[in-house]
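Everything below concerns the one structure shown next.
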């Protein structure tokens, strides 16, 4: 049963408060991501955005803790009535928190001297993934199943693209600078997109199939 149909009417106010936190966490994830990518592709000095990245990521972490606290209280009140919703929130909140962590990994690449500013592809990927973060927040809030399916298709395309990029770099196919940084950045972006698809999957998949899109297509059952 898709997540959008599992909430009980009596719990709307409590779960709406949790959803507000989820939206704020995803907004903050986009901030961390864009600041980190600005170091890599725009030449921004990492020292100038270090504080904002740290504070913003801390808000994401606190959001995760707050949701867990509220879910414990909610479970004690609602009991089995909203167990499906509780399970979904517990699952996706970790995905949302991990996006911020991978944003910090991208920041670390820039801090260590990686410079992808001369690669137009990376500017395009930055914009595309940033947009996907915002769209995920909107689609999850609206429980828009059609848009969720469309973005899941896009997510699969991005996951394959990142794998292809890493494989090409391992084979040293292009001979361009910063191959190690590009391979790591591609992996970090792949994990960000995978976590976003996990959140989107909650809109269209039954609870037992959560994280389904985190697997490579050939490994899905």
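The listed residues are 131, 104, and the only one of them that is loosely packed, with under 14 Cβ neighbours inside 10 Å, at pLDDT 95 or above, under 14 Å from the mean Cα position of the chain (by Cα) and in a helix (DSSP H, G or I) turns out to be 131. Residue 104 passes every criterion in (1) touching a helix residue (DSSP H, G or I) at 6+ places or on another chain (Cβ under 8 Å); (2) more than 17 Å from residue 190 (Cα to Cα) apart from (2). Scanning region 134-154 for residues that are farther than 16 Å from residue 92 by Cα and touching a residue at least 40 places away in the same chain (Cβ under 8 Å), which turns out surrounded by the most Cβ atoms within 10 Å (Cβ to Cβ)? Filtering first and then ranking leaves 151.
Considering region 161-178, and only residues there that are in a helix (DSSP H, G or I) and in contact with a helix residue (DSSP H, G or I) (Cβ under 8 Å, 6 or more places away or on another chain), the residue that is nearest to residue 189 (Cα to Cα) turns out to be 162. Taking region 65-76 as the range and being surrounded by fewer than 20 Cβ atoms within 10 Å (Cβ to Cβ) and either modelled with pLDDT under 95 or touching a helix residue (DSSP H, G or I) at 6+ places or on another chain (Cβ under 9 Å) (or both) as the test, the residues that pass are 66, 68, 69, 70, 72, 73, 75, 76. Summed over region 107-125, the residues that are touching a helix residue (DSSP H, G or I) at 6+ places or on another chain (Cβ under 6 Å) and surrounded by fewer than 22 Cβ atoms within 10 Å (Cβ to Cβ) give a count of 5.
Among the residues making up region 159-176, a single one is in contact (Cβ under 8 Å) with a residue 40 or more places away in the chain and within 15 Å of residue 116 (Cα to Cα): 176.
Just one of the listed residues (98, 126, 65) is part of a helix (DSSP H, G or I) and free of Cβ contacts under 8 Å to residues at least 12 places away in the same chain, and it is 65.
The values are calculated or read from the model by the stated rules, or taken from the named source; none is laboratory data. Worth saying up front: this structure is predicted, and the values here are computed from it rather than measured. Neighbour counts are summed over all protein chains in view; Cβ atoms, including those assigned to glycine, are modelled from backbone coordinates with ideal geometry.
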